Amino acid sequence: MAVDRDQAAALVNRLVGEINAVIARGGSEEQMYQAFAGIFDRYADVPRIAVTALGRTPTRPTQDQLQRYVSAFRVYIAWKYGSRFREFIGGQIVVEDVGRPYGDFVDVRSIAYLRGEDPFRVDFKISDRSGRLLFEDMVIEGINMLDQESTEIRAMLARRGGDIEGLIADLR
């Protein structure tokens with residue numbers, strides 16, 4: 001399917017609306033992390049992001065290991081990015097533009113406005129490769145989330161000598 005630009009913008013607007021609502025609502029860190037985990041599940045292709053970040057492993061993980069890895073990755077990513085979104089309290093993210101579709105993707109460009117900070121770009125790479133419209137990557141101030149996570153996950157795996165069980169434990 002070709003990614004529809006209006007649908008991609010609407011997806012990011014819903015995503016941003018939920019992020020902004022969690023930020024405005026505040027609450028404990030645990031409550032915010034739980035909320036961000038739900039947002040990632042609804043709007044991000046977490047399994048594809050997790051598997052891409054893992055890359056090729058010295059030994060092929062079993063289906064059970066892969067499922068547990070994706071589950072642990074969900075928790076890891078929600079805590080990691082959820083902690084960053086605390087910086088957004090009192091700010092907002094505004095969708096500015098949608099690029100032309102390329103391949104299976106379209107880029108939705110937004111600007112983050114934080115109190116006391118210069119505005120900065122947050123771009124979302126939207127795809128329907130999983131059968132529904134989801135984001136597969138996010139670029140914050142020019143830093144590509146998928147590249148960053150790939151580097152970190154592969155370094156964790158290397159520190160564990162390629163042991164997927166050790167990586168799953170590290171992510172939890």
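For region 76-132, relative contact order (Cα pairs under 8 Å, six or more residues apart, normalised by length) works out to 28 percent. Amide H contacts of SER110 (H built 1.01 Å from N, in plane; Pro and chain starts excluded): GLU96, VAL122, ASP123, PHE124 sit under 5 Å, all sequence-distant by 5 or more or on other chains. Short-range pairs are left out: with C-alpha atoms under 8 Å and at least six residues apart, the relative contact order of the chain is 27 percent.
Taking region 144-172 and a reference point 7 angstrom along Cα→Cβ of ARG56, the backbone N atoms nearer than 19 Å belong to 147, 150-159, 161-164. Projecting the Cα positions of MET32, GLN65, ALA44 onto the charge dipole of region 3-67 (unit charges on Cβ atoms of Lys, Arg, Asp and Glu, taken about the Cα centre) puts GLN65 furthest along the positive direction.
Between GLY161, GLY91, GLY116, which gets the highest mean-square fluctuation from a Gaussian network model of the chain, Cα cutoff 10 Å? Among GLY161, GLY91, GLY116, the largest GNM mean-square fluctuation belongs to GLY116. If one puts a single equal scatterer on every Cα of region 120-172 and applies the Debye formula without solvent, what log₁₀ I(q)/I(0) results at q = 0.26, 0.27 Å⁻¹? Listed by q, the Debye log ratios stand at -0.88, -0.90. Under 1.5 on a/c is rounded, so check that first for region 76-136, then, if it is not, pick prolate when a/b is larger than b/c and oblate when it is not; a ≥ b ≥ c are the square roots of the alpha carbon gyration tensor eigenvalues. Note, shape of region 76-136 comes out oblate. Relative to the Cα centre, the charge distribution of the chain, modelled as +1 at Lys and Arg Cβ and -1 at Asp and Glu Cβ, gives a dipole magnitude of about 360 debye. The phi-based Karplus calculation (6.51 cos²θ - 1.76 cosθ + 1.60; θ = phi - 60°) puts the 3J(HN,Hα) values of region 4-19 at 7, 4, 5, 5, 5, 5, 5, 4, 5, 4, 5, 4, 5, x, 5, 4 Hz, whole numbers, x for Gly and Pro. With N the number of residues in the chain, Rg(Cα) / (2.2 N^0.38 Å) evaluates to 1.06.
For GLY91, nonlocal amide neighbours, meaning residues 5 or more places apart or on other chains whose placed amide H falls under 5 Å from its own, are ARG115.
Each reported figure results from applying straightforward, stated rules to the coordinates on display, with no laboratory input. Small disclaimer: the values here were computed from a predicted structure and weren't measured. Methodologically, a virtual Cβ is constructed for each residue, glycine included, from the backbone with ideal geometry; neighbour enumeration extends over all protein chains shown.
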